[in-house]
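Below: one structure, written as structure tokens.
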Amino acid sequence: MATWERGSEWRKWDLHTHTPASFLNNQFPRLDDRSPDWEQYLTALEATDLAVLGVTDYFTIDGYKKLLQFKKDGRLANISCLLPNIEFRLDKVLSSRHDSSNPRRLNFHVIFSDELPPDIIEEHFLFDLEFDYEANPQAPGGTRKLKRSNIADRGNRLAEEHAPFAGQDPLELGASKIMVSQEKIVRALEDDRFRDKYLIALPEELSSLMDWDGQDHLDRKSTR
């Protein structure tokens, strides 16, 4: 018997949903001990009519792994599918005459299939990527693997080197400053394990600001 007996139906997808595990702009409720209030977060998700959720975090799939475990334990029964959405800050600077804000970095998303085990995504994609750790990436130790410990270490170094950063959470500080090359991301995705098992996306509100008639012409062409 077919799973769906009523023909075509619309189902809601949200492919860009952050979690309490997110490093940046984390305004989710916290408990008295400052740990994430996962119960309040789960209750809010369970009250939605979403069928597919893209679990989004900067540079990691920590939130995705957490929600997978919750779903395994019987939560989020209303959501049919969880997908890991990794958000990167690229080493491309976006400055547009159509935008009154200061120049900013372009973000880049990789959404993986739920057929891929989390450890494959981490060990053969995320942990194979590098970010510039020193001002001169060609110097010994100039790059580091994209791991939580290295991101936090960079945050600690930044706090030591620049007084206005002192006292900030090392992971949040490091994640707010590091960048990854789009070329390295695309190269890592060439691994046979990921063939036909991912989508890449750029936020429309940023990519549309790149001027076809200006200096961003080649960047916009290469990130279409």
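The values are calculated or read from the model by the stated rules, or taken from the named source; none is laboratory data. All values reported here derive from a predicted model rather than from experimental measurement. We place every Cβ from the backbone using ideal geometry, glycine too, and count neighbours over all the protein chains shown. Each accessible area value is taken on the protein alone, full model and side chains, heavy atoms only, with ligands, DNA and RNA left out. Shrake-Rupley method; radii C 1.70, N 1.55, O 1.52, S 1.80 Å.
Things worth noting here:
- Pick from the range 19-39, criterion surrounded by 14 or more Cβ atoms within 10 Å (Cβ to Cβ) and out of contact with any helix residue (DSSP H, G or I) (no Cβ under 7 Å at 6 or more places or on another chain), ranking: nearest to Leu68 (Cα to Cα): Trp38
- Arg104 vs. criteria of a type in the set (Lys, Arg), at pLDDT below 95 and in contact with a Phe, Trp or Tyr (Cβ under 9 Å, 6 or more places away or on another chain): no
- Test: Asp57 is open to solvent by 40 Å² or more (accessible area, probe 1.4 Å), in contact (Cβ under 8 Å) with a residue 12 or more places away in the chain and charged (D, E, K, R): no
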